[in-house]
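The values are calculated or read from the model by the stated rules, or taken from the named source; none is laboratory data. Here the structure is a predicted model, which is why all the values come from computation and not from measurement. Here the Cβ positions follow ideal geometry from the backbone for every residue, glycine too, while neighbour counts run over all protein chains shown.
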Amino acid sequence: MIRFTTAGESHGEGIFVILEGIPAGLTVNSKDIDLELARRQKGYGRGQRMNIETDCVKILSGVRYAKTVGSPITMYILNRDFKNWMHIMPTGLVDLDEMSLLKPRPGHADLTGLMKFGLSDFRDILERASARETATRVAAGAVCKLLLKAFEISVMSYTVQIGNVFANMSSIKESEVLCKTEASHVRCPDLSASEKMVKLIKNVGRKGDTLGGKITIVVNNVPVGLGSHTQWDLKLDGRLAQSLVSIQAIKAVEFGAGTGLAALLGSFSHDEIFYNKLKGFYRNTNMAGGIEGGISNGEPIVITCTMKAIPSLGKPLRSVNLATKQSAKSEIIRSDVCAVPAAGIVAEAAIAIELAKALKEKFGGDCLEDMKKNVNIYKERLKAL
């Protein structure tokens with residue numbers, strides 16, 4: 001079973017991830033992981049932190065001579081900013097920090113986390129609730145992307161909305177989406193909309209405010225049969241949705257036509273089934289987003305996520321001082337103006353991890369070659385239908 005766990009605080013010495021279940025024999029190079037980490041740090045609207053950190057992974061276990069050996073993979077990412085926070089983030093016994101944060105931010109875990117754990121300084125909450133944690137998920141996702149690539153499965157994302165600016169995806173050829181996305185400062189393949197998004201982020205940032213938006217993730221060449229209808233917690237769409245909503249600030253997830261299905265008759269809502277000897281079973285539409293009955297159907301998996309505006313504002317909202325219980329403006333914490341482009345990279349990682357898990361559940365194998373043999377046997381069985 002593929003699973004992972006993360007540890008570390010936003011301004012601690014570093015962050016860690018332990019990834020288990022990756023089969024032996026997969027080529028894993030730290031440079032491939034660093035490339036994904038660099039993608040996460042890009043995007044117009046990112047904050048000052050991105051000028052400090054240059055995320056590079058250090059693989060501590062589970063890989064030898066650039067090949068996985070079947071044991072847990074431990075990865076470490078240094079927080080370069082820690083040297084500037086040593087007086088605030090000590091792990092030893094020292095005098096009580098006089099820089100306690102007492103005015104929680106609406107929309108963040110500050111107050112709920114403090115109440116849950118019985119603490120008095122919500123820095124103890126925000127350091128772990130911070131989206132800095134997503135760097136570890138991107139590292140784990142990078143390894144899982146390499147596993148999916150071994151089976152010719154690809155994962156990509158692009159920005160479709162920031163604030164009130166929308167991309168016109170109908171004007172873009174499918175073959176051009178990836179190239180135009182990576183060329184955009186906000187990872188939007190509609191270059192006209194991309195320019196408007198940059199201007200909007202610039203204007204909103206000057207006002208001390210933040211922006212949310214939408215991203216779409218597309219997974220190609222997913223085999224039929226990942227996930228299951230037999231139990232509620234085995235449904236692939238349910239598992240993918242949970243992994244995406246767990247990303248900081250993601251508030252909604254849609255598959256295929258998503259919420260647009262609410263206005264359509266049943267005769268227009270579903271993907272009719274066709275067959276020929278070359279393709280086998282296929283659909284001409286993808287309203288379901290590649291998943292039917294909790295099981296992948298062989299069409300591209302298409303998911304759109306909605307990200308709310310970041311709750312750390314330069315012009316803070318009303319809150320309450322925890323010490324005096326008096327009304328006060330919430331704390332001003334350094335943050336991005338817009339992290340929608342970066343959220344796309346994190347979403348890719350989340351999807352890659354869950355699909356790698358489903359792939360191994362379906363085809364088993366402690367080593368990569370065993371998995372490949374099982375996949376080939378399965379594909380031959382499907383051809384006989």
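Tabulated data for the structure shown
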item: Residue satisfying all of: in the stretch 54-68; crowded, with 17+ Cβ neighbours inside 10 Å and assigned to a loop (DSSP other than H, G, I, E, B); modelled with the highest pLDDT among these; result: Gly62
item: Residues satisfying the stated conditions in the stretch 282-325, i.e. closer than 21 Å to Val155 by Cα and in contact with a His (Cβ under 8 Å, 6 or more places away or on another chain); result: Met287, Ala288, Gly294, Ile295
item: Residue list for the stretch 128-144, filter: closer than 16 Å to Phe4 by Cα and of a type outside the set (Gly, Ala, Ser); result: Glu133, Thr134, Thr136, Arg137, Val138, Val143, Cys144
item: Residues that are over 30 Å from Ile250 (Cβ atoms) and not in a loop (DSSP other than H, G, I, E, B), drawn from the stretch 343-370; result: Cys367, Leu368, Glu369, Asp370
item: Which numbered condition His270 misses (of (1) of a type outside the set (Gly, Ala, Ser); (2) more than 30 Å from Ile377 (Cβ to Cβ); (3) surrounded by 13 or more Cβ atoms within 10 Å (Cβ to Cβ); (4) in contact with a Gly (Cβ under 8 Å, 6 or more places away or on another chain)); result: (4)
item: Among residues of the stretch 180-215, those that are surrounded by fewer than 22 Cβ atoms within 10 Å (Cβ to Cβ) and in a strand (DSSP E or B), counted; result: 1
item: Members of the stretch 22-38 found to be crowded, with 18+ Cβ neighbours inside 10 Å and either under 27 Å from Lys373 (Cα atoms) or acidic (Asp, Glu) (or both), listed by number; result: Ile22, Pro23, Gly25, Leu26, Val28, Ile33, Glu36
item: All positions within the stretch 226-255 that are among the basic types (Lys, Arg) and in contact with a Phe, Trp or Tyr (Cβ under 8 Å, 6 or more places away or on another chain); result: none
item: All positions within the stretch 244-265 that are outside any strand (DSSP E or B) and either free of Cβ contacts under 8 Å to residues at least 40 places away in the same chain or surrounded by fewer than 16 Cβ atoms within 10 Å (Cβ to Cβ) (or both); result: Val245, Ser246, Ala257, Thr259, Gly260, Leu261, Ala262, Ala263, Leu264, Leu265
item: Matching residues, the stretch 339-385, being more than 30 Å from Val204 (Cα to Cα), small (Gly, Ala, Ser) and either crowded, with 23+ Cβ neighbours inside 10 Å or touching a helix residue (DSSP H, G or I) at 6+ places or on another chain (Cβ under 9 Å) (or both); result: Ala352, Ala356, Ala358, Gly364, Gly365
item: Residues located in the stretch 307-338, provided they are of a type in the set (Ser, Thr, Tyr), surrounded by 20 or more Cβ atoms within 10 Å (Cβ to Cβ) and at pLDDT 90 or above; result: Ser330
